[in-house]
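Reading through the C-alpha cells given below for one structure.
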Amino acid sequence: MNSNDTHSKVIGYLLWLFGFLGAHRFYYGKPITGTIWFFTLGLFFIGWIIDLFLIPSMDRQADHRFQSGQIHYSLTWILLTFLGIFGIHRMYMGKWITGILYLLTLGLLGLGYLYDLWTLNSQISERNRILARRSY
C-alpha cells in the first residue's frame, strides 16, 4: 500500500456506477471532465464504459497529486456525495462555520455543493498540510 494512498479504487468503482454523471471523475480530481460527463451522460455512455478500465490509472494519479493525512478523501467524498447540501463533509474537515452555513442554506442553494465538487480534493490536501504542520 502506498504511504500516500489518498483515494480508493473501491470507492472509485462505486462512484463509477453513477459515473455517467461524472461522480468518479470529480472524486479523482478531474472536475472539467466530470462536468462534461455530467452534461453529456458520460459522453453518451461511451466515455463512462471506457472509464471502467481507466479507474486504476486515475487512482494512481490522484494518489500522487494529493496530500494524505488525517482527513480521509473517501469518507469526505461519500459525505459530500450523499449529504453535501447539509455541509456534513465540511464539518468533518473542521470547517464548522461553512458547514453550518451549508446546513441552513442547503449547500448555499446548491452552489456551494457544486463548488465543492470542483475543489474538494484540493481543500482536503490543504487541510491535511495544515494539520500535519500543527502536529510537529
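For a quick check of your reading of the model, give me the residue pairs whose first member lies in the range 50-64 and is small (Gly, Ala, Ser), whose second is outside any helix (DSSP H, G or I) and buried (at least 16 other Cβ atoms within 10 Å of the Cβ), with beta-carbon atoms closer than 8 Å and at least 6 apart or on different chains.
If the second residue must be outside any helix (DSSP H, G or I) and buried (at least 16 other Cβ atoms within 10 Å of the Cβ), the pairs left are ALA62/THR6; ALA62/HIS7; ALA62/TYR28; ALA62/GLY29.
Per-residue answers, yes or no, for (1) open to solvent by less than 70 Å² (accessible area, probe 1.4 Å); (2) at positive phi; (3) of a type in the set (S, T, N, Q); (4) not in a helix (DSSP H, G or I):
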{"residue": "ASP51", "(1), (2), (3), (4)": "yes, no, no, no"}
{"residue": "LEU54", "(1), (2), (3), (4)": "no, no, no, no"}
{"residue": "HIS64", "(1), (2), (3), (4)": "no, no, no, no"}
{"residue": "MET91", "(1), (2), (3), (4)": "yes, no, no, no"}
{"residue": "THR119", "(1), (2), (3), (4)": "yes, no, yes, no"}
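From (1) under 24 Å from LEU17 (Cα atoms); (2) open to solvent by 40 Å² or more (accessible area, probe 1.4 Å), pick out the condition that doesn't hold for GLY87.
It fails just one condition, (2).
Just the residues that are over 20 Å from THR119 (Cβ atoms) and surrounded by 22 or more Cβ atoms within 10 Å (Cβ to Cβ), please, taken from the range 20-48.
Passing the criteria: GLY42, TRP48.
The values are calculated or read from the model by the stated rules, or taken from the named source; none is laboratory data. Worth saying up front: this structure is predicted, and the values here are computed from it rather than measured. As a convention, Cβ positions derive from the backbone with ideal geometry for all residues, glycine included, and neighbour counts pool all protein chains shown. We work out accessible area using only protein heavy atoms, side chains counted, and drop any ligands, DNA or RNA first. Shrake-Rupley method; radii C 1.70, N 1.55, O 1.52, S 1.80 Å.
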